[in-house]
Amino acid sequence: MAQSTEDERSVAATPIARREFMGWSSIAMGCGLAAGYGTLGAMALGYLYPARDRPKAWVFVADLARLRVGDALSMQDPLGAKIVVARHAAGGEADDFVALSSTCPHLGCQVHWQAHENRFLCPCHNGVFDARGKAVSGPPAAAGQSLAHYPLKVANGLLFIEVPVAGLRSPKEA
């Protein structure tokens, strides 16, 4: 049953002075503005000075004898991007194949190779791409969007694709 002293009651009952409140409010608003403009500045710098290209490496795809003309092989690169590799000619050169992203640039749906039609089809909005990945009808064609290409090479009867490998750790680092 301790009673408060008169000084304790006066301190507890005293509201924050208006000037003190305005001072703290101004500091808080200034910090908010600095954070907002700082974020905007960082985004603008990222746009003006884009990141460097990711490191790339050649990755084995298949033995040439495994893929017949008209066949397509679905795969993922080391970072998880879905790719489709299709064979268009019987020769043993890299130009006889095409490696394309299997993600439609319109809305990100997965495209499918239709060998009997010699085309890629996006089932979401009937986007159609020719055998080399160029949009020929549907929303991707209207927007001038095509499937992303990946470089290919042939060595000793084996097909290789060049894909980004940024973020992967070597076995030495693990």
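Key figures for this structure:
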| quantity | calculated |
| --- | --- |
| Options Glu93, Glu162, Glu117; residue that is more than 20 Å from the chain's Cα centre (by Cα) and touching a residue at least 60 places away in the same chain (Cβ under 8 Å) | Glu93 |
| Identity of the residue in segment 66-90, out of contact with any helix residue (DSSP H, G or I) (no Cβ under 9 Å at 6 or more places or on another chain), of a type in the set (D, E, K, R) and under 15 Å from Tyr150 (Cα atoms), that ends up surrounded by the most Cβ atoms within 10 Å (Cβ to Cβ) | Asp77 |
| Residue list for segment 34-65, restricted to those being aliphatic (A, V, I, L, M), under 24 Å from the mean Cα position of the chain (by Cα) and loosely packed, with under 11 Cβ neighbours inside 10 Å | Leu40, Ala42, Met43, Ala44, Leu45, Leu48, Ala51 |
| Candidate set from segment 146-159 (those that are surrounded by 16 or more Cβ atoms within 10 Å (Cβ to Cβ) and not in a strand (DSSP E or B)); member that is farthest from the chain's Cα centre (by Cα) | Ser146 |
| Unmet requirement for Cys31, which otherwise passes all of (1) assigned by TED's automatic domain parsing to the domain that holds Glu117; (2) outside any strand (DSSP E or B); (3) of a type in the set (A, V, I, L, M, F, W, C) | (1) |
| Verdict on Ala99 being in contact (Cβ under 8 Å) with a residue 40 or more places away in the chain and not hydroxyl-bearing (Ser, Thr, Tyr) | yes |
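The values are calculated or read from the model by the stated rules, or taken from the named source; none is laboratory data. If you're wondering where the values come from, they're calculated on a predicted model, not measured in any experiment. Cβ sites come from the backbone with ideal geometry, for glycine too, and all protein chains shown count toward neighbours.
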